[in-house]
Amino acid sequence: MATLKTTIGHTIRDYAMVTFGIMLFVLGWSIFLVPNNLVGGGVTGVSAILQYATHGVIKIGYSYFVVNAALIIAAMFVLGFGFGWKTIYATILASIGLNLFQDLIPADFIQAIALDNGKLMSTIMGSIMVGVGIGFTMIAGGSTGGTDIIALMVNKYRNVSPGRLILYMDVVIILSSLLVPSYTPDGEELPFVEKLTNVVYGFILITINSTVLDLVISGSRQSVQLFILSKHYAEIADSITKDLHRGVTVLDGKGWYTKENTEVLMVLTRKTDLNILLRYIKAIDPDAFLSVTSVTGVYGKGFDAIKKK
């Protein structure tokens, strides 16, 4: 029963993170990027180019959904069906949101927070929101689709930074915006010089986006190593293994000052789980002696897998 509750709890948490990430992703595009006719990378960038070229007839959400459908089918075979369901949910939510929020967000609000602050500030704010949104979605095991799916499939077999891989693909997509006409929401065609300027903003956008994405993902994967000395070591070890489902190694030690034998617990865990682990230890033995250090990499069950060429 405890395992079932844990599984349900993790599933709810993952889908909540995906929902939060998609909301940031959609709002970043709807508030800051689309109103300024800015072009980003990935399928969203391609869809934005298509919307600008068709006077808004083909909105981002439609083409975004169609292209991602094919990529999701491929990802299911490579990354598993667990990934596929979360990404299907994320893609549907993003497709609806990209169309819906363009009509729901008041024009006065967009004018005040985005257009009046200029394209540079809109690029920075939009790219940060999009990067954080993609990061939260990836941490939960899903994706916003497009080049994110390609990056995750490659990352499964190669130790390649997802943000860097997405960056290379996005450069090609942004440059392609110079080859098609682009119209503002008012129906005016952008001159080539302004389109060229938007390409520069697009490069700034994907650079910030990929940097923020890597920061979010690497922050969630940071691990710590704890050495715990306590007279209640057995109770602490049982609590960590049974309640927190983390492995514990018991080492034989000897305090040289007291010349007494002692047991030392060694625990490896995610940095995000450190606070709850410390609370468990303090509740059992407030006088426990602890040493906490950051580790650069942990590979094995429950942590990262070693990529094979």
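A few notes on this one:
- Cα→Cβ-extended label distance, 7 Å offset, between Ile204 and Ile96, nm: 3.5 nm
- Lys119 sits with roughly 40 Å² accessible to a 1.4 Å probe, with DNA, RNA and ligands left out of the calculation.
- Cα gyration tensor, region 36-182 - rounded (a/c under 1.5), prolate or oblate: prolate
- Note on the chain: dipole from Cβ charges, positive end direction compared against Ile31, Ala75, Thr137; the farthest Cα belongs to Ala75.
- Largest-first ellipsoid semi-axes for region 199-295, taking √(5λ) over the Cα gyration tensor eigenvalues, angstrom: 39, 14, 10
- Extended-chain gain in nm, criterion 0.36 nm per residue less alpha-carbon gap, Trp85 and Val154: 22.9 nm
- Accessible surface comparison of Leu104, Leu196, Leu179, probe 1.4 Å, protein chains only, largest first: the order is Leu179, Leu104, Leu196.
- Pairs from the table (Lys259/Lys282; Lys242/Lys282; Lys231/Lys259; Lys254/Lys282) lying more than 21 angstrom apart at Cα are Lys259/Lys282; Lys254/Lys282.
- Phi to ³J(HN,Hα) by Karplus 6.51 cos²θ - 1.76 cosθ + 1.60 over region 16-28, Hz, x for Gly, Pro: 5, 5, 4, 4, 4, x, 5, 4, 5, 4, 5, 5, x
- Once you divide the Cα radius of gyration of region 121-243 by 2.2 N^0.38 Å, the number left is 1.56.
- Model label sites at Ile12 and Asp238, defined 7 Å from Cα along the beta-carbon direction, differ in position by 2.9 nm.
- In the chain, the longest principal axis of the Cα atoms and the axis of helix 233-243 are about 30 degrees apart.
- Net charge dipole, region 146-280: roughly 720 debye, given to the nearest 20, about the Cα centre with Cβ charges of +1 for Lys and Arg and -1 for Asp and Glu.
- D (Stokes-Einstein, µm²/s), Kirkwood Cα radius, region 23-103, 1.567 mPa s at 4 °C: 100 µm²/s
- In this structure, Leu251 and Asn275 have a Cβ-Cβ separation that, at R0 = 25 Å, corresponds to a calculated FRET efficiency of about 0.55.
- Modelled label positions at Ile73 and Asp116, each set 7 Å beyond Cα in the direction of Cβ, lie 4.8 nm from each other.
- Taken along its three principal axes, the alpha carbon spread of the chain comes to 83, 39, 38 Å, from the longest extent down to the shortest.
- Convex hull volume of the Cα atoms of region 215-270, normalised per residue: 85 Å³.
- Per-residue ellipticity at 222 nm from helix content only, as computed over the chain with -39500 (n - 2.57) for each DSSP H run of at least four residues, stands at -20500 deg cm²/dmol.
- Solvent-accessible surface of the chain, averaged per residue with a 1.4 angstrom probe and all protein chains in place: 53 square angstrom.
- Karplus-based coupling profile of region 208-216, in residue order and whole Hz: 5, 4, 5, 5, 5, 4, 5, 5, 5, with θ = phi - 60° in 6.51 cos²θ - 1.76 cosθ + 1.60 and x standing for Gly or Pro.
The values are calculated or read from the model by the stated rules, or taken from the named source; none is laboratory data. Since we're looking at a predicted model, the values are computed, not measured. Counting neighbours? That spans all protein chains shown, and the Cβs are built from the backbone with ideal geometry, glycine included. In case anyone asks, the SASA skips ligands and DNA or RNA and just uses the protein heavy atoms, side chains included. Shrake-Rupley method; radii C 1.70, N 1.55, O 1.52, S 1.80 Å.
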